Amino acid sequence: MTTSEAHVEVRDLTMAYGDTVIQKDVSFTVARGEIFVIMGDSGGGKSTLMRHMIGLHPPASGDVLYEGEAFWAAGDEERETLKQRFGVLYQGAALWSSMTLAENVALPLVDKRGVSAADASEVARLKLALVGLAGFEEHHPSEISGGMRKRAGLARAMALDPEVLYLDEPSAGLDPLSSRRLDDLILEQRESAGTTVVIVTHELPSIFALGDDAVFLDGERKAMIARGRPSELREHPDPKVRAFLSRGRL
Amino acid sequence: MERLLDVTRDGPELRLALAGGWTLSRGLPSIDGVAREIGSSLPRRLVFDAHELAEWDSALVAFAYSVARLAAERGIEMDVSGLPPGARKLLDLARAVPPRAVVRAVLDDAFTARVGVEALRARDTAADALGFVGETLQAFLNLLRGRAGFRARDLLSAVEASGVAAAAIVALVSFLIGAVLAFVGAVELQPFGAAIYVASLVGIAMTRELGPMMTGIVMTGRTGASFAAVLGTMTVNEEVDALVTMGLRPMEFLVLPRVLATALMLPALVAYSDFMGMLGGLFVGVTMLHLGAAEYLSQTREALTLAHLWIGLGKSVAFGIVVALTGCYYGIRCGRSAAAVGVATTRAVVMGIVLVVVADAVATVFLYAVGI
C-alpha cells in the first residue's frame with residue numbers, strides 16, 4: 001500500500017539540547033503507507049529525532065513537514081491540529097497510572113474527537129483486543145506486566161486511527177512471541193488502514209521484518225550516514241552500518 | 001439521518017446490512033437491535049453485508065467486534081466475508097487472542113464488612129509500621145557498632161532539607177503564632193491590669209507546647225512530604241530494588257540519614273521557633289499593649305525556667321523522629337505507579353500531623369501526672 005507520495009518530510013533538521021548538537025542537517029522523506037525505521041547506535045539521537053517529529057522538542061534549525069505543511073513554522077493552533085494526525089507509543093508506554101486501560105485508550109477519543117463515552121468504550125475494547133489485551137479493560141497499568149503495558153500503549157496510540165504511527169522501541173521488553181505479534185499488528189494496521197509507521201528501534205528482526213525504508217543516525221559523526229531498505233543496507237559501504245545490521249559480524 | 005444498519009432475518013440467518021459512512025465522528029449504531037433479534041429467536045448464522053458501505057474506520061471494526069462477542073457467547077456462527085478486507089483482517093486480529101477470564105476479588109459492600117476490612121488493614125499497617133520502626137532501630141544500632149553505612153553527603157543534604165531550608169517558614173509561622181497568642185491573652189488579661197503576664201503566657205506556651213508542635217506540623221508538611229515523595233519515586237523507578245540487589249540496605253542507606261538529620265535539626269528549629277514566637281509576642285506587647293520592651297523581657301525571663309525549655313526540646317527530638325519515620329515509611333512502602341507517590345505523600349502528611357499531635361498530648365498528660 002506504499003505510495004511514492006511524501007507523507008512526512010524531515011528537512012535540514014538540526015537537533016540540539018542547549019549548545020550540544022545531537023544531529024546536523026538530517027533530511028529524508030517518508031512515503032504514505034510506508035514502514036520507516038530510524039536506527040542508529042545508543043545515544044545517537046534516534047529518540048530525539050522522534051521527539052522533534054512529534055512536536056515535543058523544537059529544532060535548532062530545519063523543519064518537519066506533514067503533506068507539505070511545515071510543523072514547526074506553523075502557529076500553535078495549526079500545530080495542535082497537525083498533532084491529531086499522529087499517534088505515539090512511548091518507550092516506557094507512558095500510560096496514565098490513575099486510569100484503567102480502557103480509560104487510557106478512550107480519553108483521546110472523547111477529548112479530541114468528541115466521541116460519546118459509550119462509543120469510546122467500545123472502541124477501547126476493540127483496540128485492546130487488537131493488541132491481545134481483551135479482558136484487561138478494567139485493569140490499571142500497575143496491575144499488568146511491562147510487556148502488556150507496552151501493548152496497551154500501542155492500543156492508545158492507535159485510538160484515533162492516526163495517519164502516522166510513531167513507535168519508540170516497540171519491541172523492547174517483549175517476549176519473542178509478543179514481539180512477533182506486535183510486528184504482525186503493525187503490518188495489519190498498515191495494510192488495512194494505510195497507516196504510515198515510523199519506528200525507532202534497534203531490534204534487528206523487527207527492522208528486517210517491517211522496514212520498507214530506513215535511516216541510520218551516527219552519534220559520533222552527528223549525521224545521518226545511511227538511507228535505504230534495511231536488507232540493502234547490509235551491503236552499505238560504511239562499515240558501521242554493516243556491523244550494526246549484522247550484529248558486529250563483518 | 002441516513003440509516004447505517006438494517007437487521008433482517010433470512011431463514012436461519014440474521015443479515016446485518018451496513019450502509020453509509022461508519023466513522024467515529026458519526027457514532028456507533030447500538031448493538032441492542034441485534035441483541036434483541038437474537039434474543040427473540042436464535043439464528044444459526046450472522047451474516048455481514050457491506051455492499052452499501054461507504055467510508056469506514058475503527059467504528060465499523062468496534063461494532064463488528066461487539067457483534068462477534070455476542071455471537072460467540074450464544075454459539076452463533078458468523079460470516080464476515082461481506083466486510084471490507086481491511087476490517088476483516090483487523091477483526092481476525094482482535095479475535096486471535098480470546099478474552100482472558102480475569103477473576104477479581106469481589107468486595108462485600110456492607111457497612112460492617114467495610115469497617116472490618118478497614119480495621120484489618122489498620123492492624124496490618126500498624127504491625128508493618130512497628131516492624132519498620134524496629135528495622136530503623138536495628139539500622140541505628142548497626143551504625144553505632146560501625147556496621148551500617150550511608151554517604152555523608154546524603155546526611156548533609158537531609159540536614160539541609162530539614163534544617164536551614166525550613167528555617168524561614170518556621171520563623172514566619174512562629175512569629176505569627178506568638179503574636180496571635182499575645183493578642184488573645186491580652187484581650188483576657190488587660191481588664192484585670194495583668195497585661196504584663198502576656199509575656200509569661202507567650203514564653204511558656206511557645207517553649208513548652210506550641211514551638212515544638214507547630215514546628216513538628218510544619219516539618220511534616222514540608223520535610224516529611226518531601227521524604228515520602230522522593231523515596232516513593234525511587235521505589236517506583238526500582239531504585240530501591242537496585243540498592244537491595246547491590247547489597248545496600250535501604251533502611252541504612254535511605255532511611256537512617258533522614259531520621260538522624262531530622263532528629264538532630266528539629267531541636268535547633270524549635271529553639272529558633274521559640275525565639276521567633278517570643279519576638280512575635282514582644283512585638284504585640286510593645287506596639288499594641290504599650291508594654292516596655294525591657295519590662296516584657298524581664299517578665300519572660302522570670303516566668304521561663306530551664307525545665308520548660310528542656311521539655312520543649314525533648315519533645316522536638318521525638319517529633320523529628322516521628323516526622324522522618326512517617327515520611328520514609330510511606331515512601332518506602334509506596335506502590336508502583338505515579339498515583340501511588342501522591343497517595344504515599346498525602347498519607348505521610350496526614351499521619352505525620354496526627355502522630356505529632358497525639359505524641360504531644362501523651363507527653364503533656366504524662367508530664368502533668370509526674371508534676372513537671
Of all DSSP beta bridges with both partners in the protein assembly as shown, the antiparallel percent, nearest 5, is 45
Rank these for me by crowding, B:329, B:65, A:90, going from fewest to most other beta carbons within 10 Å. A:90, B:65, B:329
Using only atoms on other chains, find how many Cβ atoms lie within 10 Å of each Cβ of peptide A:124-133 and report the average. 6
In the protein assembly as shown, taking the dipole from +1 charges on Lys and Arg beta carbons and -1 charges on Asp and Glu beta carbons about the Cα centre, the listed residue (B:162, A:210, B:286) farthest towards the positive end is B:162
Among the trypsin sites (Lys or Arg not before Pro) in segment B:139-197, which ones are in a DSSP loop with at most 14 other Cβ atoms within 10 Å of the Cβ? Mind listing them? B:145, B:147, B:151
Estimated dipole of chain B in Debye, rounded to 20 [Cβ of Lys and Arg +1, of Asp and Glu -1, Cα centre]: 700
In terms of modelled amide H atoms, which long-range or inter-chain residues lie less than 5 Å from the amide H of residue A:22? A:15, A:16, A:17
Residue-wise HN-Hα coupling along segment A:208-216, computed from phi with Karplus coefficients 6.51, -1.76, 1.60 (Hz; x: Gly, Pro): 6, 6, 10, x, 8, 8, 7, 10, 10
Calculated FRET value between residue B:288 and residue B:169, using beta carbons and R₀ = 25 Å, to 0.05: 0.50
Using the Kirkwood formula on alpha carbons, the hydrodynamic radius of segment B:136-369 in angstrom works out to 18.8
Once label points are set 7 Å from the Cα along Cα→Cβ at both residue B:117 and residue A:91, what is their separation, rounded to one decimal in nm? 3.9
Tally Lys/Arg at +1 and Asp/Glu at -1 over every other residue whose Cβ is under 9 Å from the Cβ of residue B:20; what's the total? -1
Where the Cα atoms of chain A are projected onto their three principal axes, how long is each span, largest first, in whole Å? 54, 44, 36
Take the Cβ-Cβ distance between residue A:204 and residue B:317 as r, set R0 to 60 Å, and report the resulting FRET efficiency rounded to the nearest 0.05. 0.50
Any chance you could get the radius of gyration and Dmax over the Cα atoms of segment A:32-124, in Å? 15.8, 45
Under a 5 Å amide H to amide H cut-off, with H placed in plane at 1.01 Å, what residues pair with residue A:213 once short-range neighbours are removed? A:35, A:37
Among the Cα-Cα pairs of the protein assembly as shown, the proportion with separation greater than 43 Å, in percent, is 47
Tell me the angle of helix B:58-74 to the major Cα principal axis of chain B, expressed in degrees between 0 and 90 and rounded to the nearest ten. 80
Beta bridges by DSSP in chain B, antiparallel share as percent, to the nearest 5: 35
Taking the Cα centre of the protein assembly as shown as origin, sum charge times position over the Cβ atoms of Lys and Arg (+1) and Asp and Glu (-1), and report the length of that vector in debye to the nearest 20. 1660
Taking 26 Å as the cut-off for C-alpha to C-alpha distance, list the pairs among A:83/A:240; A:24/A:83; A:150/A:240; A:83/A:150; A:24/A:150; A:46/A:83 that go past it. A:83/A:240; A:150/A:240; A:24/A:150
For segment A:1-49 and segment B:265-287, what is the separation of their Cα centres, given in Å? 62
The relative contact order of chain B, taking Cα pairs under 8 Å that sit 6 or more residues apart, comes to a percentage of 18
Considering Cα pairs under 8 angstrom that are at least six residues apart, work out the relative contact order of chain A and quote it in whole percent. 25
Dipole size in debye (nearest 20) for segment A:32-189 around its Cα centre, Lys and Arg Cβ +1, Asp and Glu Cβ -1? 300
So for segment B:71-218, what are the equivalent ellipsoid semi-axes in whole Å, largest first, each being the square root of 5 times an eigenvalue of the Cα gyration tensor? 64, 28, 22
GNM on chain B, Cα springs under 10 Å; top mean-square fluctuation among B:235, B:220, B:245 goes to B:245
Between residue A:180 and residue B:245, what is the label-point separation in nm under the 7 Å Cα-to-beta-carbon projection? 2.8
Top of B:312, B:20, B:224 by mean-square fluctuation, Gaussian network on chain B, Cα under 10 Å: B:20
Shielding by partners - mean other protein chain Cβ count within 10 Å, residues of A:114-120: 4
Distance from segment A:144-175 to segment B:123-181 (C-alpha centre basis), Å: 42
Please build a GNM for chain B, connecting alpha carbons under 10 Å apart, and tell me which residue among B:158, B:68, B:139 fluctuates the most. B:68
Between residue A:67 and residues 5 or more places away or on another chain, which pairs have amide H atoms under 5 Å apart, with H built 1.01 Å from N, and which residues are they? A:8, A:9
Report the relative contact order of segment B:147-306, percent, no decimals, based on alpha-carbon pairs under 8 angstrom and at least 6 residues apart. 47
Step through the residues of segment B:77-86 one at a time and calculate ³J(HN,Hα) from phi using the Karplus curve (6.51 cos²θ - 1.76 cosθ + 1.60, θ = phi - 60°), rounding each to whole Hz and writing x for Gly and Pro. 5, 10, 10, 9, 5, x, 7, x, x, x
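Bear in mind that the values in this text are calculations on the coordinates, not laboratory data. Bear in mind the structure is a predicted one, so any value in this text is a computation, not a measurement. Neighbour counts are summed over all protein chains in view; Cβ atoms, including those assigned to glycine, are modelled from backbone coordinates with ideal geometry.
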